[in-house]
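Following: one structure in structure tokens, then a few remarks.
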Amino acid sequence: MNTPDLKPLLDALPEKPGCYLMKDAEGTVIYVGKAVNLRHRVRSYFHASAQKNAKTRQLVHRIADIEWIVVASELEALILEMNLIKRYRPRYNVRLKDDKRYPYIKVHWSDPFPKVTVTRRMVEDGSRYFGPYTSVWAVHQTLDVLRRIFPYLTCDRTITGKDRRACLYHDINLCTAPCIGAVTQEEYRQMIADLMDFLEGNSTPVTERLRAEMQEAAEALRFERAAALRDQLLAIEKIVEKQKVISPEYQDSDVIALARADGEAVAQVFFIRGGKLIGREYFVLDGTAEEPDAEVIAGFLKQFYDKAPGIPRQVLLPREVEEAHIIQQWLSSRRGGDKVEIVIPRDEMQRGLIRMAAENAAETLSMLKARWEADTHKQSTALAELQEALRLPAPPNRIECYDISNTQGTYAVGSMVVFEQGVPKKSHYRRFNIRSVVGPDDFASMEEVLRRRFRRWQSIQETKGQPGHKPDPSFARLPDLLIVDGGKGQLSRAVKVLREFDLLERVPVAGLAKREEELFLPGREASLLLERRSQGLYLLQRVRDEAHRFAITAHRKRRAREGIRSTLESIPGIGPQRRKTLLQYFGSLQGIREASLEELIAVPGITARLAHSIKAYLNAE
């Protein structure tokens, strides 16, 4: 759609602060922005001066519709813009790559005896979060070190302090064993508080308190306790010694720099706490092509600190950003009103920190590009090998693989995983709860799954072009290669379904058997064995293993969900609505089991008589 088509919308834009959403002809949001004056900002995209930028030209060429939301202030517009980008992930916005997958360290502080876990989702449940990190491996390495210093709980015991025996972890000094009363709740929580201080870079108060406790224990002739504290102190000091001392002036700062090359961009963050560099993380950015550095940095700041559980007093940037004042205002509000300062280097020390971060960002981008190129070469080789071995007309750029998981025929689930260009396309993964098959019949289950998949494709073809038609992209394309997990039996069922839909000539299909990694093909009696070390076989194994993993995960979730449903609905007076309400209140079956009568009665719809029935039934299990 061209500009004249949009003229009524452009004329209707208000001169107020807010956010605007630009959409393409299919109704997909392709760009989200904010403005102090919506009318002036949106209309500026269509001025000749803006068209000099190739990215803006592409964006404007694709705009078919514009929506806007008016808000009361620029700060509200900033927050709304971040939420809209998070929701729609528009193609033309600067955005964190794979931002949904960043792990955090979670301290379950609201629990009486807090545990420490890794999560990819922050929820307001009274827990404390640290991160985000870019590598889950690095998070687990950090926790391995922390657990040797602060031996926190990892088991699921209900802690009473009266257990007769502790677990093996206590014997190897990886748990303080509050389960047997070896430490009190107060002592255990103090240790977890120390762990959180340590993660925040505040090691001095921790070491000072531990040293005083060690001295007290020694004077009281509690030599075993004193020795344990001594070892804890030595472990902390060993780590602190490795932390680079920056300057007492920078007690609590983040230093951010950017590296860019060939349309790629990486942001590097150095975390300075207590005058020491305690850590660093890098983040890959999408949608940065032809955007000026200041725009890329501003986009990164908003998305990174929207996900960061803690905000520093100072953020050091390599250059000015246009929105600095409003971002600073937002960061201060996120810090509880405590002022946050965005600083551009003023002295040699600050310039040196920015240079160090920029050098690290450049090194990281170089390393990532080398890895991407190596991976691309492997993927191209794998696809070419499969094309040759299976005699395909072209490389199988879209591979779909299917697997079935069940327990003796119950809670059966089929999985569909998709690889494009040799890498997982997780947004296209789908699972199917088996509906028509009774008992353990994987062959019939595979037929059902494939029928439902190709029925969806057929429906999309029949409704294509109709107003309001938004097909599920998982089913909109046919695979270049269809893999079923299994041998001749599963392959024959796949062939049967493809014939039903008249697709056998269009969709190449194969069965991959686990035992000898044999490939079975339609119309061929003997199996095909790929070279053991070939990239093509390695890719097929990855695809098959991913389908198996996804099927098992979906099956376990269904089994757990159905198990909870059947347990609760076996209680007289509990139906679907009350089951749902109970689970919302207590989170799990175990939470309901541990609830007191008073807590159960407080749930809407649960009478005293029904609460007694719930307790009696669950306690008798």
(request) Give, in nm to one decimal, the length gained when the segment between residue 28 and residue 124 is fully stretched (0.36 nm per residue of separation minus the Cα-Cα distance). (result) 31.5 nm
(message) Which log10 I(q)/I(0) values does the stretch 316-389 give at q = 0.16 Å⁻¹ under the Debye formula, counting every alpha carbon as one identical point scatterer?
(response) -0.76
(message) At 0.36 nm per residue, and after removing the present C-alpha to C-alpha distance, how many nm does the segment from residue 367 to residue 230 gain when stretched out fully?
(response) 45.3 nm
(request) State the three equivalent ellipsoid semi-axes of the chain, derived from the C-alpha gyration tensor as the square roots of 5 times its eigenvalues, in descending order and whole Å. (result) 44, 39, 28
(request) Using R₀ = 35 Å, calculate the FRET efficiency as 1/(1 + (r/R₀)^6) where r is the Cβ-Cβ separation of residue 140 and residue 222; round to 0.05. (result) 0.55
(request) Positive end of the charge dipole of the chain (Lys, Arg +1 and Asp, Glu -1 on Cβ, about the Cα centre): tell me which of 349, 497, 473 has its Cα farthest that way. (result) 497
(request) Once you have the Cα-Cα distance between residue 458 and residue 325, take 0.36 nm times their residue separation minus that, and quote the gain in nm to one decimal. (result) 42.6 nm
(request) Starting with the fewest neighbours, write out 381, 463 ranked by other beta-carbon atoms found within 10 Å of each beta-carbon. (result) 463, 381
(message) Straight-line reach from residue 470: which aspartates and glutamates fall under 17 Å, measuring Cα to Cα and dropping same-chain residues less than 8 apart?
(response) 24, 26, 65, 462
(request) Counting only C-alpha contacts under 8 Å and six or more residues apart, can you give the relative contact order of the chain as a whole percent? (result) 8 percent
(request) Could you check the simple spin-label distance between residue 346 and residue 12, using points 7 Å along Cα→Cβ, in nm with one decimal? (result) 4.9 nm
(request) With viscosity set to 0.692 mPa s and temperature to 37 °C, compute the Stokes-Einstein D of the stretch 104-201, Rh being the Kirkwood radius across alpha carbon pairs; µm²/s, no decimals. (result) 236 µm²/s
(message) Just want the ordering: 428, 61, from fewest to most Cβ atoms lying within 10 Å of their own Cβ.
(response) 61, 428
(request) Calculate the spin-label point distance for residue 577 paired with residue 423, positioning each point 7 Å from the Cα along the beta-carbon direction, and give it in nanometres. (result) 4.9 nm
(request) Please get the size of the charge dipole for the chain, origin at its Cα centre, with Cβ charges of +1 on Lys and Arg and -1 on Asp and Glu, quoted in debye to the nearest 20. (result) 1540 debye
(message) Given a Förster distance of 56 Å, report the FRET efficiency between residue 47 and residue 237 from their Cβ-Cβ distance, rounded to the nearest 0.05.
(response) 0.35
(request) Please work out the FRET efficiency for the pair residue 598 and residue 215, using the Cβ-Cβ distance as r and a Förster radius of 45 Å; give the result to the nearest 0.05. (result) 0.45
(request) Using only alpha carbon positions, build the gyration tensor of the stretch 415-500, then give the equivalent ellipsoid semi-axes as the square roots of 5 times its eigenvalues, largest first, whole angstrom. (result) 24, 16, 13
(request) Assign one of three labels to the stretch 20-75, namely rounded, prolate or oblate, based on the Cα gyration tensor with a ≥ b ≥ c the square roots of its eigenvalues; rounded applies when a/c is under 1.5, prolate when it is not and a/b is larger than b/c, and oblate otherwise. (result) oblate
(message) How would the stretch 398-558 be classified by its alpha-carbon gyration tensor: rounded, prolate or oblate, with rounded meaning a/c under 1.5 and the a/b versus b/c comparison settling the rest?
(response) rounded
(message) To make sure I understand the rule: partners must be lysines, Cα under 26 Å from the Cα of residue 615, and not fewer than 8 residues away in the same chain. Which ones qualify?
(response) 162, 557, 580
(request) Rounded, prolate or oblate: pick one for the stretch 221-379, where a ≥ b ≥ c are the square roots of the eigenvalues of its C-alpha gyration tensor, a/c under 1.5 means rounded, and failing that, prolate if a/b is larger than b/c, else oblate. (result) oblate
(message) Which trypsin sites (Lys or Arg not before Pro) in the stretch 433-494 sit in a loop by DSSP (not H, G, I, E or B) and have at most 11 other Cβ atoms within 10 Å of their own Cβ?
(response) 435, 464
(message) For the chain, what does the helix formula give at 222 nm: sum of -39500 (n - 2.57) over DSSP H segments with n ≥ 4, over the residue count, nearest 500 deg cm²/dmol?
(response) -15000 deg cm²/dmol
(message) How compact is the stretch 570-619 by the rule of thumb for globular proteins, expressed as Cα Rg over 2.2 N^0.38 Å?
(response) 0.96
(request) Please sort by residue number the trypsin sites (Lys or Arg not before Pro) in the stretch 23-104 whose DSSP state is loop and whose Cβ has at most 15 other Cβ atoms within 10 Å. (result) 97
(request) Just rank 74, 598, 385, fewest to most, by other beta-carbon atoms within 10 angstrom. (result) 598, 74, 385
(request) Treat each spin label as a single point 7 Å out from the Cα along the C-beta direction, and report the residue 58 to residue 443 distance in nm. (result) 5.0 nm
(message) Quick check for me: using +1 on Lys/Arg Cβ and -1 on Asp/Glu Cβ, what's the dipole size of the stretch 570-619 about its Cα centre, in debye to the nearest 20?
(response) 200 debye
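We did not get these values from a lab; they are worked out from the coordinates using the rules stated. Because the structure is predicted, anything quoted here is derived from the model rather than measured. Neighbour counts run over all protein chains shown; Cβ positions are idealised from the backbone, glycine included.
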